[in-house]
1. Residues to consider are ARG59, ARG52, ARG9; find the one that is at pLDDT below 90 and more than 30 Å from ALA179 (Cβ to Cβ).
2. In segment 47-96, how many are within 30 Å of ASP149 (Cβ to Cβ) and open to solvent by 50 Å² or more (accessible area, probe 1.4 Å)?
3. Quick one: in segment 126-153, which of the residues that are under 19 Å from PHE30 (Cβ atoms) and not in a strand (DSSP E or B) is least open to solvent (accessible area, probe 1.4 Å)?
4. ARG52 passes all but one of (1) touching a residue at least 12 places away in the same chain (Cβ under 8 Å); (2) in contact with a Lys or Arg (Cβ under 8 Å, 6 or more places away or on another chain); which number fails?
5. If I filter segment 177-197 down to residues being out of contact with any helix residue (DSSP H, G or I) (no Cβ under 7 Å at 6 or more places or on another chain) and surrounded by fewer than 13 Cβ atoms within 10 Å (Cβ to Cβ), which single residue comes out as nearest to VAL127 (Cα to Cα)?
6. Being out of contact with any strand residue (DSSP E or B) (no Cβ under 8 Å at 6 or more places or on another chain) and of a type outside the set (D, E, K, R) is the filter; apply it to segment 154-170 and report the residue that is surrounded by the fewest Cβ atoms within 10 Å (Cβ to Cβ).
7. Before we move on, is VAL74 modelled with pLDDT of 90 or more, touching a Ser or Thr at 6+ places or on another chain (Cβ under 6 Å) and more than 30 Å from VAL125 (Cα to Cα)?
8. Out of curiosity, is ILE107 surrounded by 17 or more Cβ atoms within 10 Å (Cβ to Cβ), assigned to a helix (DSSP H, G or I) and touching a residue at least 24 places away in the same chain (Cβ under 8 Å)?
Amino acid sequence: MTIEFNPYRAPDTLLPESPTSAADVHSVEFDRLPEHIVDLNYYFFRNSPTWRGQISYARNTLLLTAALIIGLGVYFRVNWAIAIGVFVGFCAFLVPLLTRRNMRRQIKGLLNESKGAGRANHRRVTVALDGVVEQTQLAELKVRWPGVDRIDADPNYVYFVYTSVSATIIPRHAFHDTAHVSAFLDAARRWHAAALGGSPFAPAS
């Protein structure tokens, strides 16, 4: 006999089920780890038009500077100036990578300064006809579908985004398999669209 233990799925008795009138609900449990918080904060930054604009400005400034230095080096036939210009131009393409590493380092530093933020925190996230519920042993967050700005997903996480700086994040390894992820997302997106008037409500298949 093989027993598989998944630390991201605790027994159902750990948290009480959230009462709901909808018969069709989807729930998932997991431990939110410090790296999940770091990834969530970085998600906010990489999807921010302001942040992307700053990255683009810095890169373009370096490229223009590199072109100017190379142009002057060619005009005055100064090889070392050409080399510096090439180096600056190369650095321009490293801006996104260097900025991403620095941003993640700063987020980790802020997280370490927050009392208790570095500990694992078990939680349950439930989606139903009326919205999203995120529960821990100490608190409960309920957001109706009109309060959800968007539902997003990438290879590592599922996101319920409420504002540009607040969201519920679920690591994909909290789900049983890809079919579980798809069922969860399909139901959430259908209910979200229905609440916003995008499509009529239809029960999950």
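The values are calculated or read from the model by the stated rules, or taken from the named source; none is laboratory data. Note that the structure is a prediction, hence the values are computed from the model and not measured. Every residue, glycine among them, receives a Cβ derived from its backbone with ideal geometry; neighbour counts consider all protein chains shown. Quick note on the areas: whole protein, heavy atoms, side chains included, nothing else; ligands and nucleic acids left out. Shrake-Rupley method; radii C 1.70, N 1.55, O 1.52, S 1.80 Å.
1. Only one candidate passes the filter, namely ARG52.
2. Result for segment 47-96: 8.
3. Result: THR136.
4. (1)
5. Selected residue: SER182.
6. Step by step, filter segment 154-170, then rank; the result is PRO155.
7. no
8. Against the criterion (surrounded by 17 or more Cβ atoms within 10 Å (Cβ to Cβ), assigned to a helix (DSSP H, G or I) and touching a residue at least 24 places away in the same chain (Cβ under 8 Å)), ILE107 qualifies.
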